[in-house]
Every structure is written in structure tokens, then in C-alpha cells.
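Engineer: First the structure, which I've put down as C-alpha cells, then a few questions once you've had a look.
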Amino acid sequence: MPDLKSHTDKIFDKELAEVSHRIERMGTIAGDMLAASVRAFNTRNTTLAREIMDEDTQVNRLEKNIDQLCLEIIAKRQPMASDLRFLVLVMKAVVDIERIGDIAVNVSERTMDLSRGALTGSWEELSEMGAIVLSMVRDGMRAFVESDEVLACEVLKRDAEVDRLFVKVFADLIELMGNRPDVINLGIHVQSVAKWIERAGDHAMNLAEYAIFRVKGHDGRHAGRS
Amino acid sequence: MNVEQKEPARGGAIETREIVAGFDTREVLHGISMQIQPGQVTALIGPSGCGKSTFLRCLNRMHELVPSAFIRGSVQLDGQEVYDPELDPVFLRRRVGMVFQKPNPFPSMSIRDNVLAGLTLTNRLKASEADLLVERALNQAALWDEVKDRLKSPGMSLSGGQQQRLCIARSLAVDPDVLLMDEPCSALDPIATARVEDLIQSLAGDYTIIIVTHNMQQAARVSSRTAFLLSGELVEFAETNTIFTSPRDQRTEDYITGKFG
Ligand SMILES: Nc1ncnc2c1ncn2[C@@H]1O[C@H](COP(=O)(O)OP(=O)(O)OP(=O)(O)O)[C@@H](O)[C@H]1O
Ligand SMILES: [Mg+2]
């Protein structure tokens, strides 16, 4: 938390710390899931892919649990200013984190589909995209939990590279499918994976923007990007 | 009525410039400058003893009633200097009504006479007009239903919360331009509080209201602008929505989030 000063009511501090702790945990799990799903995709590891799909229930449970905790604190404390912003932003952030978890599941599903086919070939740009998006998710989470505005801005900057890579992957796939109609079916799966990963990057951007809102007190969304 | 003395103009815009006020040698307000638009509800918040009540009392010249009190600076009501020696403070106080922190009904008067107390000095009302006025004021103050069958009972026979609403009715009966409310709900139950808040919001637009409250949520609910006072200084004065979602000053932030050091 940014403010060194603590609440006169110390229990309130503990409650906010608990929210912070839980959302951090939720973010870690979703981030790990995404990392594993990208790894599973790169290596066509179906066992790993199946494991990821099971972990999603944990993320879903945390989402509900954190929402409930925030509601209780809002009802009990009627928070103001930075406390209010934090709790409301947490309730928004859990939605993005939950989606990141869903995306890991989607990527895993595609990996299962792909494992039945024979589309190989190197997807260097796609792995690169995965790595950047992953760093965005992890840093976006950290920026939010630690109210680190500088880190949040870093995260926002990485999006341009993700977009560039996405366009490249997309173009390569279209070219490949044009030359080899036999792999169109699989190519579409790869394309969806690229799309999902790109979307995870958008959720990471949201987290970074919540971090900035948390610190600065105003909503910077839709200002720089559109 | 003293014909020599001027009456203030109607409207309800208040501007204070560098109000310095205190008691004896002790300065309580250290230069408060504020501009309050007519018809707006302004909330005044700040820790106990920071000078909120003193500030309110400077606005309708009740401060000077304390023998040891002093004040410098200027208060203007619709462009007219409140501290103009030619201005009759009694008329000023009719234009700038006040509801006090502690209910103060006139002890010897009935409920009905308490409501009319501010009027009978100057206005001669027909009994039927007076009845209407009493009912309207008591209704506005959310007290009518509880007292309509005992208007002749002494004001002091009411409960603390009822007395407070009686005082609100009394201040409304004279139809002021400005209403100063010093923690008007501190003795009220949640229902009466909700009704007083509803009243404040329905009066907004027609009356300029300045309300002192220790309840941040109340300030957030009823006011359009909020002023934060700390140790006799105006720390921040801004849109209420800004103050409670993202105040500019760290001291405001600490106060409204409950970090008192
Ligand atoms: N009649 C008086 N004589 C001397 N000092 C006074 C008098 N009235 C108030 N004060 C002092 O002026 C300071 C400000 O008091 P004031 O009543 O304006 O505070 P406040 O902000 O309204 O506090 P609260 O929230 O407790 O009502 C206090 O230190 C108080 O002791
Ligand atoms: Mg007071």
C-alpha cells in the first residue's frame, strides 16, 4: 500500500491487507495458468493442458470470494477516497484476472485440438508474444497491488510490440493456409491461440490502468489508446 | 423596526475573505476565504475543535455575541458586507438562519409558538395563516405527524431528536435565504436523519445551505461542494464527488479515510 500512514482503526488496515493478499494470490494463479498454457501450446503437452483446465475452478472461487469480501468491507466501513478506489478497482480487477484464467483454459483447449493434428512449424513470434503478455500480466498485477505507477506505465508500453507480433503471426498464418489447404483447420486453431493471448494482454493493460487510477485518483482509460 | 437600518438583499451568495476569528487572544480561524454559490449545499467537515461552528457563527454574526470574541476580514451576502455597521444583525439572522449543534427550543413556548417564534417579532399573521405555516414548516422538518395533536404542549416536552427538528422548523418558518446547520442530525435516529437529508436536498436550489457534519457519508450524500477545515485553516474546498473519491490534499485524504495519526 502506498500510504505509510495507517488507519486509526487497525482492523480496517487488516481487512484491506487481506483483500490485497487474496487478489495477489488470484493474480499469481491466473498468471501461472497462462504461463503453463503457453508452454503447453509450444510443446503440445496435453497432460499439462488438462491440468490447467482443472485449476480454473480455483480462480473462479477466488473471484467470488474476493467480491464478497469487498462488499462486506464497503457495507461495514463505507470507505472513502483511496480506500474506496482500491476496493472498487479490486472488484473490477477480479473480472480481468478471471478472464485471464479463462484464456489459459481456451489456449489449453486449442492445444488439445492441435495435438490431434500434425501442424508443426515454429511459431517464434507467437511464443514471443506469449512471453511479453505474460510479463504484462505479472507486472500489471504487481503494479496494482503495490500501487506502482511507473511499472504500470511500463506495462502499457509493451502493448505496441504485442500488436506488432500479432499482425505478423496473423499474416504468416494466412500465407501458410493459402499454400497448404490441408492445414487450414489447424491453422485456425493457432490463429485463435494468438487472438486469445493478445486479449490476455488487453486484460493486463486494464490491470495496469487500475493501478494508475488507484494511485492518481482518476480514470486514465481510453485516453491514450483507441 | 428601526428604519435607519438596511436589510440585506435576497439571494444567498456568500463570500468570505480572510476571516480571522477567535476568542480573547486565541485565534481559532486563520484566514478563511470561501465563495459559496446561491442555492448550493456546502458541507463543512473537519476534526472536532477545528473551528467549524465558529466559522458558521461568523457568517450570521452570532460569533460576536460571545463577549471575548473577535473577528477580522469580510463576509459578503449577495455582495453586501455583513459586517457593515449599518446592517441590523437581527435582520441578517433572519436571512441567514441557523440550526445549532444542540437543540435549543424556547423553553417557555409551546411547539406551535416555537415554530412561529422568528416571525411574531415582525409579522402579524392571521391565525389561519399561522396554522398553515406551522404545518408546512413542521412537515418540512419531518416532525408534523409526531406533534400535530399536541401543538400546544411545551417545546421542551419533546425528545432531543424531536426538539432538533422543531428548531429546523423554526428556522424554516422565517423563509431564510441561507440556512446554516451545525450537525443537525447528530441527535436524530436514522429515519429522521433520512428525512432531514431529504429536506436539505429539496431545499437546495432555493436556499443556500451550509451543513457541518461529522458523517462523511452524509456530506457525500447531501452536498455539492465540501470544505475540509483543519486547525482553523481551509485545506481543501472542492466538488463533493472529488473530495470523497480523490481529494487533492493528503491531509484531506487522511482525514476522510480515517487516518488520524
Ligand atoms: N465561547 C468560546 N470561548 C472560547 N473558546 C471557544 C469558544 N467556542 C469555541 N471555542 C474554541 O474554538 C475552537 C473551535 O471551536 P468550534 O466550536 O468552532 O469547533 P468545531 O469545529 O465546531 O468542533 P466540534 O466538531 O467539536 O463541534 C475550539 O478550540 C474551542 O475550544
Ligand atoms: Mg461544532
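The values are calculated or read from the model by the stated rules, or taken from the named source; none is laboratory data. Quantities reported herein were computed from a predicted structural model and do not represent experimental measurements. Methodologically, a virtual Cβ is constructed for each residue, glycine included, from the backbone with ideal geometry; neighbour enumeration extends over all protein chains shown. These area figures cover heavy atoms from the full protein model, side chains too; ligands, DNA and RNA do not enter into them. Shrake-Rupley method; radii C 1.70, N 1.55, O 1.52, S 1.80 Å.
Engineer: For chain B, how big is Rg over Rh, using alpha carbon atoms and the Kirkwood form of Rh?
Structural biologist: Details: Rg = 18.2 Å, Rh = 18.9 Å.
Rg divided by Rh gives 0.97.
Engineer: Another question about this same structure. Using Cα-Cα distances under 8 Å and only pairs 6 or more residues apart, what relative contact order does chain B have, in percent? Mind showing how you got there, number by number?
Structural biologist: Working: 498 pairs, mean separation 69.1, N = 261.
It rounds to 26 percent for chain B.
Engineer: Given the convex hull over the Cα atoms of segment B:1-106, what projected area results after averaging over all orientations, in nm²?
Structural biologist: 7.6 nm²
Engineer: Put a dot 7 Å past each Cα toward the Cβ at residue B:70 and residue B:224; how far apart are the dots in nm?
Structural biologist: 3.8 nm
Engineer: Right, next: Pull out a ≥ b ≥ c, the square roots of the eigenvalues of the alpha-carbon gyration tensor of segment A:86-159, then state rounded if a/c is under 1.5, prolate if not and a/b is larger than b/c, and oblate in the remaining case. Provide the component values of the computation, followed by the final result.
Structural biologist: Working: a/c = 4.89, a/b = 1.80, b/c = 2.71.
Taking the square roots of the gyration eigenvalues as a ≥ b ≥ c, segment A:86-159 is oblate.
Engineer: Beyond 16 Å, what percent of the Cα pairs of segment B:157-230 remain? Display every interim value, and only then the final one.
Structural biologist: Details: 1272 of 2701 pairs.
Value for segment B:157-230 (Cα pairs over 16 Å): 47 percent.
Engineer: How are the alpha carbon pair distances in segment B:69-151 distributed across 10 Å bins from zero to the largest one, expressed in percent?
Structural biologist: 14, 38, 28, 17, 3
Engineer: What is the sum of charges around residue B:197, taking Lys and Arg as +1, Asp and Glu as -1, for the other residues whose C-beta is under 15 Å from the C-beta of residue B:197? Intermediate values should be presented prior to the final figure.
Structural biologist: Values: positive: B:165, B:195, B:221; negative: B:183, B:189, B:198.
Around residue B:197, the charge tally is 0.
Engineer: Taking the Cβ of residue A:211 as the centre, find all other residues whose Cβ is under 9 Å away and add up their charges (Lys, Arg: +1; Asp, Glu: -1).
Structural biologist: Values: positive: A:142, A:214; negative: A:146, A:148, A:149, A:209.
It works out to a net charge of -2.
Engineer: What is the gain in length, in nm to one decimal, between residue B:91 and residue B:194 on full extension, counting 0.36 nm per residue of separation less the C-alpha to C-alpha distance? Spell out each step's value before the answer.
Structural biologist: Numbers: separation 103, 0.36 × 103 = 37.08 nm, distance 3.08 nm.
Contour length minus the Cα-Cα distance gives 34.0 nm.
Engineer: Still on this structure: List the GluC sites (Glu not before Pro) within segment B:38-125 that DSSP assigns to loop and that have no more than 10 neighbouring Cβ atoms inside 10 Å. Walk me through the numbers on the way to the answer.
Structural biologist: Working: sites: B:64, B:81, B:86; in loops: B:86.
Sites meeting the loop and neighbour criteria: B:86.
Engineer: If contacts are Cα pairs under 8 angstrom and at least 6 residues apart, what is the relative contact order of segment A:10-216 in percent?
Structural biologist: Relative CO of segment A:10-216 lands at 28 percent.
Engineer: Provide the FRET efficiency to the nearest 0.05 for the residue B:139-residue B:25 pair, computing r from the beta carbons and using R0 = 45 Å. Walk me through the intermediate numbers first.
Structural biologist: Numbers: r = 47 Å, r/R0 = 1.04.
With a Förster radius of 45 Å, E is 0.45.
Engineer: Could I ask something else about it? How large is Rg over Rh for segment B:12-64, taking Rg from the Cα atoms and Rh as the Kirkwood inverse mean of 1/r across Cα pairs? It would help to have the intermediate numbers written out before the result.
Structural biologist: Numbers: Rg = 11.4 Å, Rh = 11.8 Å.
My calculation puts Rg/Rh at 0.96.
Engineer: Follow-up question, since we're still on this one. List the equivalent ellipsoid semi-axes of the protein assembly as shown in whole Å, largest first, each obtained as the square root of 5λ for an eigenvalue λ of the Cα gyration tensor. Working shown, then result.
Structural biologist: Numbers: eigenvalues 838, 102, 73 Å².
Each semi-axis is √(5λ); the values are 65, 23, 19 Å.
Engineer: Follow-up question, since we're still on this one. Using only the Cα atoms of segment A:10-216, what semi-axes does the equivalent ellipsoid have when each is the square root of 5 times a gyration tensor eigenvalue? Give whole Å, largest first.
Structural biologist: Working: eigenvalues 258, 65, 24 Å².
So the three semi-axes of segment A:10-216 are 36, 18, 11 Å.
Engineer: A follow-up question, please. Loop sites only, by DSSP: take the trypsin sites (Lys or Arg not before Pro) in chain B that have at most 14 other C-beta atoms within 10 Å and name the longest stretch containing none of them.
Structural biologist: Values: sites that count: B:10, B:124, B:126, B:148, B:150, B:152, B:248.
Longest stretch, sites excluded: B:11-123.
Engineer: Between residue A:9 and residue A:75, what is 0.36 nm times their sequence separation minus the Cα-Cα distance? Round to one decimal in nm.
Structural biologist: 22.2 nm
Engineer: A further question follows. Could you sort the residues of segment B:231-261 by number and keep only those whose accessible area is reduced by 20 Å² or more in the all-protein-chain setting relative to the chain alone, 1.4 Å probe?
Structural biologist: Correct list: B:244, B:245, B:246, B:253, B:254, B:256, B:257, B:258, B:259, B:260, B:261.
Engineer: Distance check, please: which entries in B:52/B:126; A:5/B:102; A:76/A:195; A:76/A:157; A:5/B:52 exceed 30 angstrom between their Cα atoms?
Structural biologist: Details: B:52/B:126 39 Å; A:5/B:102 34 Å; A:76/A:195 42 Å; A:76/A:157 38 Å; A:5/B:52 25 Å.
Pairs exceeding 30 Å: B:52/B:126; A:5/B:102; A:76/A:195; A:76/A:157.
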